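Reading through the structure tokens given below for one structure.
The values are calculated or read from the model by the stated rules, or taken from the named source; none is laboratory data. These numbers were taken from a predicted model, which means no experiment stands behind them. Cβ placement follows ideal geometry from the backbone for every residue including glycine, while neighbour counts extend to all protein chains displayed. Surface areas here come from the heavy atoms of the whole protein model, side chains and all, with no ligands, DNA or RNA. Shrake-Rupley method; radii C 1.70, N 1.55, O 1.52, S 1.80 Å.
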Amino acid sequence: MIRIKDIAKEANVSEGTVDRVLHNRGGVSSKTETKIRKILERRNYSINPVASALAMKNKHNVAVLIPEYNETDSFWKSPYLGVLKASDEVKNIGITVNYFKFNQYDPVSYLESFEALLKTEPTAVVFAPMFLNETKKITTQLETADIPYLFLNIDIEGFNNLTYIGQDSYTSGYIAGKLMHLGMEKESKILMIQSREHSGDNNAISKRIHGFNDFFKNHTPNMNPINLKIENFNDVLKTQQSIKDALNSNDSIRGIFIPSSRTAVIVDCLKQSKQKEYKIIGFDNTPQNVDCLKQDDISFLISQKPFEQGYESIRLMSDYLLKSKVPIDKIYLPIDILIKENVVYNDMNQLMFENTISEA
């Protein structure tokens, strides 16, 4: 029996693209749609009535609440694409995924997007718990309405979330410390740069910092990192001057640690102020960070598999809704250490999916 998977393979598109054509949902170029319909006609494909009946019976609405992204701060694009890929795959079994975004630096935006989400009457919710106090309000409303939820990317203790899916942030910070320590002279100092905007409720970044500091406490107590908090990474001139002042005030600094995805911003500031070379370690293979890694401006990047985070969150919630399959308490994804030579192989799943949707 011919399957959607077979049609997708022959047309060289994703299964979700074929599904959108079958159900006239739009979002597919006329050229691609024509190609798919010709294959459907030639292969005498018809929609499986049993699967369609099952989908009509289930009718679950999963709402996803994650930060918005842009060209300069693009980390959250990867989880979004992972969500999009999984949502294409679960549509045939009666699960619709709705996506809501918010400004990750604005708790008001966070709550407003959640209120919009609630109006869709979700069966379940997947979200990144970015602000602690606001998250308490959100989870109280979800629990009152008996709506299950899971945490994505950011792990906060003391809540009744089904599970957390993401990185073991403490361990990733500890690994970053170990990488920084390799080959570092005993008298060397390390500068840790973080944004004040991230220093409060972003538990993932706090745990990375904790792990990083613990490595040096356990191995070289005399090499305590020097902390620099930047008011706003988007204010390039002030950021550049703050970094320059910190480096000029201590000639022993040989390494720079950035516990967020904004490592490329720091590299640009160093270049603009014509600072000497440093061992730089940061997080996440955003396009800007990858470019810097390829040019040897960054020594190591630590990836938290953001595409897989988004994808697996929808698959896990679907299994819970359809099969009553309760996930384990925490689902940690692999911690990948990226260097210039291996970075191109890291996110092949995301790259292949992006190619299919760009064709559509």
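For the reader, a short list of remarks on this structure follows.
- Cα-based convex hull, segment 190-326, per residue volume (Å³, whole number): 133 Å³
- With a Förster radius of 22 Å applied to the beta-carbon distance between residue 231 and residue 101, the computed FRET efficiency rounds to 0.35.
- Under 5 Å, built H, 5+ apart or other chain: amide partners of residue 61: 96, 123, 124
- Ranking 276, 31, 85 by solvent-accessible area of protein heavy atoms (1.4 Å probe, all protein chains present), from largest to smallest, gives 31, 276, 85.
- Size of charge dipole - segment 158-297 - debye, nearest 20, with Cβ of Lys, Arg +1 and Asp, Glu -1, no other charges: 240 debye
- Ordered from largest to smallest accessible area (heavy atoms of protein chains, 1.4 Å probe), the residues 339, 328, 193 come out as 328, 339, 193.
- Coarse-grained scattering of segment 232-304 at q = 0.12, 0.15, 0.18, 0.20 Å⁻¹, given as base-10 log I(q)/I(0) from a Debye sum over alpha-carbon atoms: -0.29, -0.45, -0.65, -0.81
- Largest accessible area first, the listed residues 170, 164, 332 line up as 332, 170, 164 when surface is computed with a 1.4 Å probe on the assembled protein chains.
- Remark: the chain carries a charge dipole of roughly 740 debye about the Cα centre, counting +1 on each Lys and Arg Cβ and -1 on each Asp and Glu Cβ.
- Check: segment 57-140 dipole with +1 on Lys, Arg Cβ and -1 on Asp, Glu Cβ, in debye: 420 debye
- Sequence-distant lysines (8 or more away, or on other chains) whose Cα lies within less than 26 Å of residue 136: 77, 101, 119, 207, 325, 330
- Three-way shape call for segment 52-150 based on the alpha-carbon gyration tensor, with the a/c threshold at 1.5: oblate
- The chain, accessible surface, carbon-and-sulfur percent (1.4 angstrom probe): 49 percent
- Hydrodynamic radius of segment 149-218 per Kirkwood, over alpha carbon pairs, in Å: 13.4 Å
- Taking every protein chain into account, the 1.4 Å probe leaves residue 223 with about 10 Å² of accessible area, to the nearest ten.
- Beta bridges per DSSP, both residues in the chain: antiparallel share near 10 percent.
- Shown here: segment 82-121, whose C-alpha atoms stretch 35, 22, 6 Å along the first, second and third principal axes, sorted largest to smallest.
- Percent of Cα-Cα distances greater than 31 Å, calculated over the chain: 41 percent
- In degrees, nearest ten, helix 348-359 long axis to first principal axis of the chain (Cα): 50 degrees
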